[in-house]
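Only one structure is covered here, and it is reproduced in the block below.
The values are calculated or read from the model by the stated rules, or taken from the named source; none is laboratory data. Because the structure is predicted, anything quoted here is derived from the model rather than measured. Every residue, glycine as well, gets a Cβ built from its backbone with ideal geometry; the counts of neighbours run over all protein chains shown. Ligands, DNA and RNA are stripped out before the accessible areas are found, and what is left, the full protein with its side chains, is counted by its heavy atoms. Shrake-Rupley method; radii C 1.70, N 1.55, O 1.52, S 1.80 Å.
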Amino acid sequence: MNKEILMAVDAVSNEKGVDKEIIFDALEAALASAARKKYGEELDVRVSINRKTGGYDTFRRWKVFADDSTELEAPERELRMDDARDLDKDVEPGGYVEEPMESVPFGRILAQTAKQVIEAERAQVVDAYKDRAGTLVSGIVKRVDRNGVYVDLGANAEGFIAREEMIPREPVRSQDRIKAYLKEVRTEPRGPQLFLSRTAPEFLIELFKLEVPEVGQGLINILAAARDAGVRAKIAVRSNDPRVDPVGACVGMRGSRVQAVSNEIAGERVDIIPFDDNNAQFVINAMAPAEVTSIVVDEDSHSMDIAVSEDKLSQAIGRGGQNIRLASELTGWELNVMSESQAEAKSETESLALRETFMKQLDVDADVASILVQEGFSTIEEIAYVPASELNGIEEFDEEIVKELRTRARDVLLTQAIASEESVDGAEPAADLVEVTGEPLAKSLALKGVRTREDLADLAVDELVEAGGIDEKQAAELIMAARKHWFEAEAKV
């Protein structure tokens, strides 16, 4: 029996790569648990395995309390000092006394021990990798199935690359050496714990850190990346040293560095884009190889209209919209690409609409409205609150015209604000709604457009919960109360 324990510890330690002491602790805990199940769950049991001989002893133990302490809460595992001194004359309050008890056979707890060892092993893996999430890892492919790829990372750790995290159509075989991005570390009772990716933009960034010393040294920053995995990618780079060309450093001598990265990701073509603090210029850079002829920025909608020559439109869009999509992901802006003629037509349409707005709201003629549009004004707020010097700088306007335009613009904004307040104040609930819900809730609902009992009756429970800030039970009761007259009418028929 003694030899059997030592052999089991050695076998599990070698196979699983778990420290022997962890396995001994697991065995002791499992033997103690088995003894409690046999002799009584209420007992406090300790098992000690001799690390050299494999022999083990089982002890029942009690915690010792002073004689004047209150009533013992668990007499099966607690003793007063007088009784404890019969077992150990040197014991002190707070200590433990023990007496040997019959041990359970080792064979009964093999399955339980294996489970505990596996749990210890999995906890060890999570602890080793929890601080490495967001970094590059490499290993040997153990197996490939329809769910994904399992990678041996060494030190008894296994990573998993889900099918959707693999580069499409990339050939991967057992025993291949492979790199991946450690996307997430999760504590799971079974299955994978280390989740890897080869399609994440961060994987591309980590590969460049590996291939380009200037990136690893902090001389060059890779600020963003966008990928159509296995086909094409764009990265944005910026140099922290004016003497270092970020694009040239990432490309390498005769393209050696970017080619090394490309080879690792199934030949994916990588465009290296110089970052620019000017958003419009950054977008122009990101649209490469297409040349942008004009660009219009809309800060409010966080979008840009990009114009290119007619013969470059397909290049700017890319196959299946690839180029424009990657540029948009890289820059974080919504991009609308069009030909020069389309951009001119859109600009003309928007200018006419804006001119009509100025003519109507400011009560000015077409000439004045056209000048405002040409000078770049797009809202009444801009006319009302930009520094007067900007309007005075317009050649066709004198101080009197500028003063009148600003006054009219502010009057328009004031009128709109008053109308908005009156609209809110005028959202009074009908009497039949107040009757069902009470006045406070009725007023709150009226502001959301629910002003009558019929409006309330037409709502679904989740809609009323959101509109009224009440729970589902109350919402259901109110809706049924609002529909009560429906059922009464049906009964009369």
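Details
- The chain, relative contact order [Cα under 8 Å, separation at least 6], %: 6 percent
- Residue-normalised accessible area of the chain, expressed per residue, 1.4 Å probe, Å²: 57 Å²
- Top positive-direction residue, dipole computed over the stretch 30-173 with Cβ charges, set Thr53, Phe65, Ala157: Ala157
- Accessible surface of Lys20 - all protein chains present, 1.4 Å probe, nearest 10 Å²: 90 Å²
- This model, with +1 at the C-beta of Lys and Arg and -1 at the C-beta of Asp and Glu, gives the stretch 288-389 a dipole about its Cα centre of some 420 debye.
- In plain terms, the chain from Val296 to Glu340 could stretch by 14.6 nm, reckoned as 0.36 nm per residue minus the Cα-Cα distance.
- Here the dipole of the stretch 179-338 is about 860 debye; that uses its Cα centre as origin and unit charges on the Cβ of Lys and Arg (positive) and Asp and Glu (negative).
- When you work out D = kT/(6 pi eta Rh) for the stretch 105-257 at 10 °C and 1.306 mPa s, using the Kirkwood radius from C-alpha pairs as Rh and the Stokes-Einstein form, the result is 90 µm²/s.
- Other residues with beta-carbon under 15 Å from the beta-carbon of Phe282 carry, at +1 per Lys or Arg and -1 per Asp or Glu, a net charge of -4.
- Summarising the overall dimensions of the stretch 286-401 from its C-alpha atoms, the Rg and Dmax are 17.5, 55 angstrom.
- Glu428/Glu400 FRET efficiency (R0 41 Å; Cβ-Cβ; nearest 0.05): 0.35
- Phe24 accessible area, 1.4 Å probe, all protein chains in place, Å² to nearest 10: 10 Å²
- Short-range pairs are left out: with C-alpha atoms under 8 Å and at least six residues apart, the relative contact order of the stretch 180-290 is 20 percent.
- Degrees between helix 2-16 axis and first principal axis of the chain (Cα, 0 to 90, nearest 10): 20 degrees
- Segments 445-454, 380-389 sorted - mean Cβ within 10 Å per residue, highest first: 445-454, 380-389
- For the stretch 277-365, DSSP calls about 50 percent of its internal beta bridges antiparallel.
- Beta bridges per DSSP with both ends in the chain, % antiparallel, nearest 5: 70 percent
- Convex hull per residue volume in Å³, alpha carbons only, for the stretch 1-103: 119 Å³
- The long axis of helix 399-425 is offset from the longest Cα principal axis of the chain by roughly 50 degrees.
- Listed residue pairs exceeding 28 Å between alpha carbons, taken from Lys183/Lys234; Lys403/Lys448; Lys52/Lys142; Lys448/Lys473; Lys312/Lys360: Lys403/Lys448; Lys52/Lys142; Lys312/Lys360
- Summed residue charge, Cβ within 10 Å of Ala74's Cβ, Lys/Arg positive, Asp/Glu negative: -3
- Length added when fully stretched, Val126-Asn221, from 0.36 nm per residue minus Cα-Cα: 31.2 nm
- The modelled label-to-label distance for the pair Glu310/Glu42, using points 7 Å beyond Cα in the direction of Cβ, is 9.6 nm.
- For the stretch 390-474: rounded, prolate or oblate by the Cα gyration tensor [a/c cutoff 1.5]: prolate
- Rounded percent of accessible protein surface that carbon and sulfur make up, the stretch 258-353, 1.4 Å probe: 46 percent
- A simple charge model with +1 on the Cβ of Lys and Arg, -1 on the Cβ of Asp and Glu and nothing else charged puts the dipole of the chain at about 3580 debye relative to its Cα centre.
- Neighbours of Val292 by Cβ distance under 12 Å: Lys/Arg scored +1, Asp/Glu scored -1, total -2.
- Over the chain, the alpha carbon radius of gyration divided by the compact-protein estimate 2.2 N^0.38 Å works out to 1.62.
- Percent RCO, i.e. relative contact order, over the stretch 373-424, from Cα pairs under 8 Å lying at least 6 residues apart: 40 percent
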